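Notes follow once the structure below has been shown.
The values are calculated or read from the model by the stated rules, or taken from the named source; none is laboratory data. Quick caveat: nothing in here was measured; it's all calculated off a predicted structure. Glycine gets a Cβ as well: all are built from the backbone with ideal geometry, and neighbour counts include every protein chain shown.
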Amino acid sequence: MTEQNDKNLERREFLIRTGKAGIAIAAAGAASYLLYDKKNPAQNAEPENIVTLPDFSVPHVQEQSLSIVKGSDRTKTVAKAIELLGGIERFVKPGDTVAIKPNVAFASPPMLGATTNPDLVAEVIKLCYKAGAKKVIVTDNPINEPAGCFAISGIGKAVANVGGEIVLPKSNYFKNTTLAGGTLIKDWPILYEPFSKANKLIGIAPVKNHHRSGASMAMKNWYGLLGGRRNIFHQDINTIIAELAIMVKPTLVILDGTEVMMTNGPTGGSLSDLKRTNTLIAGCDMVAADSYACGLLDIKVSDLPCLAKAAAAGAGTTDYQSLKPMLAEVS
Amino acid sequence: MKIVQTRRISQIFFFLLFIWLCIVAAVGDKFWQLRNWPTNFFLQLDPLTAISTALSTHTLYRTLIWSLITIILTIILGRFFCGWVCPFGSLHHFIGFLANRKKTAAQKIKLNQYRKAQGIKYFILIFILAMAVLQPLGVTLQTGLLDPILLITRSFNLVLLPIADQTVHFVSANERFYETGWLIFAIFTAAVLLNLIIPRFYCRFICPLGALFGILDRFAIWRIGKNQSHCINCKLCEQSCEGGCEPGGNIKISECVLCFNCLHICKDNIISFQTTPSLSGEVTNPDISRRGFVLSLAGGILAVPAIRLSNKLGSNWSYNIIRPPGALAEEEFLKCCIKCGQCMRICPTNVIQPGGIEGGLENLWTPVLNNRIGSSGCQLNCVACGQACPTAAIRPVTLSEKLGKDEFAAAGPIKLGTAFVDRNRCLPWSMDKPCIVCQENCPVSPKAIYTQECFNTVRNGILTVKKTTDSTIEIAETIPADKFTSGDYFCKIDGEIRKKIAKNTENSITAEKFEKIPVAGEKIELQIRLQKPYIDIEKCIGCGICEHECPVSGKRAVRVSAEGETRSTNRTLLLKR
């Protein structure tokens, strides 16, 4: 014997239930309609949110675009070099936020010269604050572990001591950029976030031997802005350095040739890799600065194809003498 | 204050302390980063680590002496560590409370009754200790798999912390990755979820540390027990008994975790923490059957030779297991490593990874370098892992020893292995593309990677001169415009002179000035200048920075293999003179 349910559905309950069912069906239908995609998924999504690095340069002043100061004390030579260019006030205005890009590629102690000298960075920060800068940040995307690079290179401490701020390259600070007319920098991630908040940019680089490109100086320093699998650019190192020199328009570059790395670059690792040349170069034309510094490394301008490439693209001149560099010596 | 309140405060304090010590275990100069924080505090209090490493190595590593405090207190008081200190125990305690709080008293009493299966944890303990001591052909330390302190340390540091930090980036600037993290996560989650079935499931049935305490506390001076015989047998005391030790009846002293819930809940104040045995009877010895004892002992004795049948310590050793700098020779290493993951947590580059089982079952969660994870191989000027290791499986080496400086100059730097160039995958070697990223990044001075220059004629690169004007040669063939202008291409004329190409169109090449002008009909060669990397195996320290940086991003074209590692004498590569 089977039991039968003789209880009928009440009208009220029936209406509520059909109402709920109707809403559920409508929701499923609406969601399908909104999400319906006729096309196949694209292989690679179109680049979105392409950013462009701001132009940080200051107006050109005739015969004040390159200074070369001889001396062994970096704090004195850099002060003199900037003074010759018209003083820090020419570059940093009160209220400016200044970004400094040293070369902090390796977790290597300062005395080995593989990274920008910390005293030099500190001195430039002090000058910026003297000129009324609101804030000075220091950033790089190192090759070795970032926090360790800033700590071991001494730059972290030196910057903190003079009130600067270290910005470590967090992954969400990278945005894709495309260089107009470029062949390599296309939809490529660069360290963008810290620079987008700055209105002045100073590059400070050591002069180093580099087995692949010949040398690592002011132009190669911008390699540290690249993110992603940037090592792939070593297949065409000269072009990428030239494109970086075109893409980045700094306020000022400072090239430290006080002690240059003659061998085993760019990592060095031994004091015997270094040679004292007591030269500090500052200027608005990084091609000219690098061209001059070739002499410190005992190489010719023609040994670095990136220089001619950058010059041809209008990033500067390899004929640094034509800029009538200002010379000085401090003891 | 009620004693259970005090116990809760103690549990919360130690749990928060544990989390804090996980967070601060990072290299850095902030106050919350490693600056003298005792990050191994819980590991050093853990007597299972101390006893098992003492059994396997026949010495008690200096910092593990702290566990003597736990041992002495346990002998006097019983399993206070489980109920008052252990962060894993506190977590189970809390989850078990949450899961079962709405059950009736009768259900709770049933849930917290004593079960015969609580003896399993003793068999686990016997099994892993047998592996660590009773082995004629070499012992292995596997307590780390289930030791609760190590399990929760590993789970927090390698799984929960990275997940929590993934978006906020407070603990580390960039995401941390850990291989086999999913397995650590699965085991941790399973252990926690088992509380939904039985509260403190892990503590009661699995925990080998709890088992050790259960054995140690048989002489405890103070014990939980009944002080009067006129008990109405309401069983309320068993309603929230954390250990499942039957305080209302014949109390199992070895199962009691000193939660004091029974003492607190008893309306007649019959239960107390006392020196006399319980009036309703007590059992001091753990419930271990003779058969279970023999089987687990025999299992542990046989397990090691069974695992080692794969000959991973002999000729079939795993060359892709690169141990951190200062690690002991493999056999000694396996006697000391407790798989706690502190080295993996502390490593600033994230290159130290929990090992999988492909290097042998014993390798699971031991530290292995994976140069494809992390920010940059093993950093030259870093010895953090050895400093973090609680058992000196990775010796706390100094920078001088690692780099082979000062008094270690004669011994030379610590080698983790040797880098090998895979000439079939390397861009300059096999594809005529300039690269040498590996050479650039080699941190050794002089570099362990050196190059030899060569010029290779490109495909279809033998061209016929049509006409030469100044430094521009018009050619008969068609070549891709602008392809050879990178500064790496040369034009070889007359079989010997090479000139760097400045630019090219489809039908012409402009190079540096020619001394001897090529004439019409003459063949010229289009060449690329390559620097091919070579490894100087006497200089290479196996840091893996080259492997990390190699732009061949899948299977790297330069890879570190463990041959030549300093820690072993039978894996050398070079003939020593």
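Could you tell me whether B:ILE352 is within 14 Å of chain A (Cβ to nearest Cβ), touching a residue at least 60 places away in the same chain (Cβ under 8 Å) and not small (Gly, Ala, Ser)? No. Within the range B:280-295, the residues that satisfy the criterion of being surrounded by 15 or more Cβ atoms within 10 Å (Cβ to Cβ) and over 42 Å from the mean Cα position of the chain (by Cα) are B:SER280, B:GLU282.
Could you please find all residues in the range B:348-371 being among the hydrophobic types (A, V, I, L, M, F, W, C) and modelled with pLDDT of 95 or more?
Step one: list which residues in the range B:348-371 are among the hydrophobic types (A, V, I, L, M, F, W, C), which gives B:351-352, B:357, B:361, B:364-365, B:368-369.
Selection gives B:VAL351, B:ILE352, B:LEU364, B:TRP365, B:VAL368, B:LEU369.
Select from the range A:155-172 the residues that are more than 11 Å from chain B (Cβ to nearest Cβ) and either under 16 Å from the mean Cα position of the chain (by Cα) or crowded, with 21+ Cβ neighbours inside 10 Å (or both) and write down the one among them that is nearest to A:ASN231 (Cα to Cα). Even if it seems obvious, please write down each step before you answer.
We begin by selecting, within the range A:155-172, every residue more than 11 Å from chain B (Cβ to nearest Cβ); these are A:155, A:158-159, A:161-165.
Going one step further and asking which of them are either under 16 Å from the mean Cα position of the chain (by Cα) or crowded, with 21+ Cβ neighbours inside 10 Å (or both), we end up with A:155, A:158-159, A:164-165.
Numbers: A:ILE155: 24, A:ALA158: 29, A:VAL159: 28, A:GLY164: 30, A:GLU165: 28 Å.
It comes out as A:ILE155.
Selection of first residues in the range B:466-491 that are closer than 13 Å to B:LYS503 by Cβ and of second residues that are surrounded by fewer than 13 Cβ atoms within 10 Å (Cβ to Cβ) and modelled with pLDDT of 90 or more, restricted to Cβ pairs under 6 Å at least 6 apart or on distinct chains, gives the following pairs, ordered by first then second residue: B:ALA481/B:GLU506.
Does the range A:243-259 contain at least one residue that is over 15 Å from the mean Cα position of the chain (by Cα), more than 19 Å from A:LEU66 (Cβ to Cβ) and within 12 Å of chain B (Cβ to nearest Cβ)? Checked against the condition, which is being over 15 Å from the mean Cα position of the chain (by Cα), more than 19 Å from A:LEU66 (Cβ to Cβ) and within 12 Å of chain B (Cβ to nearest Cβ), the range A:243-259 yields no hits at all.
Could you list, in sequence order, the residues of the range B:522-542 that are out of contact with any strand residue (DSSP E or B) (no Cβ under 8 Å at 6 or more places or on another chain) and surrounded by 21 or more Cβ atoms within 10 Å (Cβ to Cβ)?
B:ILE541
Based on what the data block shows, is B:GLN342 modelled with pLDDT of 95 or more and either polar (S, T, N, Q) or over 30 Å from B:LEU369 (Cβ atoms) (or both)?
Working: modelled with pLDDT of 95 or more: yes; either polar (S, T, N, Q) or over 30 Å from B:LEU369 (Cβ atoms) (or both): yes.
Spelling it out, B:GLN342 is indeed modelled with pLDDT of 95 or more and either polar (S, T, N, Q) or over 30 Å from B:LEU369 (Cβ atoms) (or both).
Do the conditions hold for A:PRO142, that is, is it within 12 Å of another protein chain (Cβ to nearest Cβ) and under 23 Å from A:ASP55 (Cβ atoms)?
Working: within 12 Å of another protein chain (Cβ to nearest Cβ): yes; under 23 Å from A:ASP55 (Cβ atoms): no.
Spelling it out, it is not the case that A:PRO142 is within 12 Å of another protein chain (Cβ to nearest Cβ) and under 23 Å from A:ASP55 (Cβ atoms).
If you go through the range A:95-130 and keep only what is within 14 Å of chain B (Cβ to nearest Cβ), aromatic (Phe, Trp, Tyr) and surrounded by fewer than 24 Cβ atoms within 10 Å (Cβ to Cβ), you end up with nothing. Using the structure shown, decide if B:SER486 is within 18 Å of B:PHE455 (Cβ to Cβ) and polar (S, T, N, Q). It is true that B:SER486 is within 18 Å of B:PHE455 (Cβ to Cβ) and polar (S, T, N, Q).
If only residues of the range B:536-577 that are within 14 Å of chain A (Cβ to nearest Cβ) and of a type in the set (Lys, Arg) are counted, the one that is farthest from B:MET431 (Cα to Cα) is B:LYS539. Do you know which residues across the range A:135-186 are among the aliphatic types (A, V, I, L, M), under 20 Å from A:ILE125 (Cα atoms) and in contact (Cβ under 8 Å) with a residue 60 or more places away in the chain? Passing the criteria: only A:ILE137. Look at (1) within 14 Å of chain B (Cβ to nearest Cβ); (2) more than 23 Å from B:ASN504 (Cβ to Cβ); (3) of a type in the set (A, V, I, L, M, F, W, C); (4) in contact with a Ser or Thr (Cβ under 9 Å, 6 or more places away or on another chain) and you find that A:ILE299 fails only one, number (4).
Say whether the condition of being free of Cβ contacts under 8 Å to residues at least 60 places away in the same chain, assigned to a helix (DSSP H, G or I) and surrounded by fewer than 23 Cβ atoms within 10 Å (Cβ to Cβ) is met by at least one residue in the range B:108-126. For the range B:108-126, residues free of Cβ contacts under 8 Å to residues at least 60 places away in the same chain, assigned to a helix (DSSP H, G or I) and surrounded by fewer than 23 Cβ atoms within 10 Å (Cβ to Cβ): present. Scanning the range B:505-516 for residues that are at pLDDT 90 or above, away from chain A (no Cβ under 14 Å) and surrounded by 13 or more Cβ atoms within 10 Å (Cβ to Cβ) gives B:THR505, B:ASN507, B:SER508, B:ILE509. Can you find even one residue in the range B:516-527 that is touching an Asp or Glu at 6+ places or on another chain (Cβ under 7 Å) and farther than 24 Å from B:PRO480 by Cβ? Looking through the range B:516-527, at least one residue is touching an Asp or Glu at 6+ places or on another chain (Cβ under 7 Å) and farther than 24 Å from B:PRO480 by Cβ.
Only residues that are closer than 21 Å to A:VAL260 by Cβ and either out of contact with any strand residue (DSSP E or B) (no Cβ under 7 Å at 6 or more places or on another chain) or in a loop (DSSP other than H, G, I, E, B) (or both): list them for the range A:112-142, please.
The first filter runs over the range A:112-142 and keeps only residues closer than 21 Å to A:VAL260 by Cβ, leaving A:112-124, A:140, A:142.
Listed by number, the residues that qualify are A:LEU112, A:GLY113, A:ALA114, A:THR115, A:THR116, A:ASN117, A:PRO118, A:ASP119, A:ALA122, A:GLU123, A:ASP140, A:PRO142.
Considering every residue within the range A:258-277, establish whether at least one is out of contact with any His (no Cβ under 8 Å at 6 or more places or on another chain), within 17 Å of A:PHE91 (Cβ to Cβ), crowded, with 23+ Cβ neighbours inside 10 Å and modelled with pLDDT of 95 or more. No, because not a single residue in the range A:258-277 is out of contact with any His (no Cβ under 8 Å at 6 or more places or on another chain), within 17 Å of A:PHE91 (Cβ to Cβ), crowded, with 23+ Cβ neighbours inside 10 Å and modelled with pLDDT of 95 or more. In the range B:373-385, the qualifying residues are those that are touching a Gly at 6+ places or on another chain (Cβ under 9 Å) and farther than 18 Å from B:GLN33 by Cβ, and the one that is nearest to the other protein chains (Cβ to nearest Cβ) is B:SER376.
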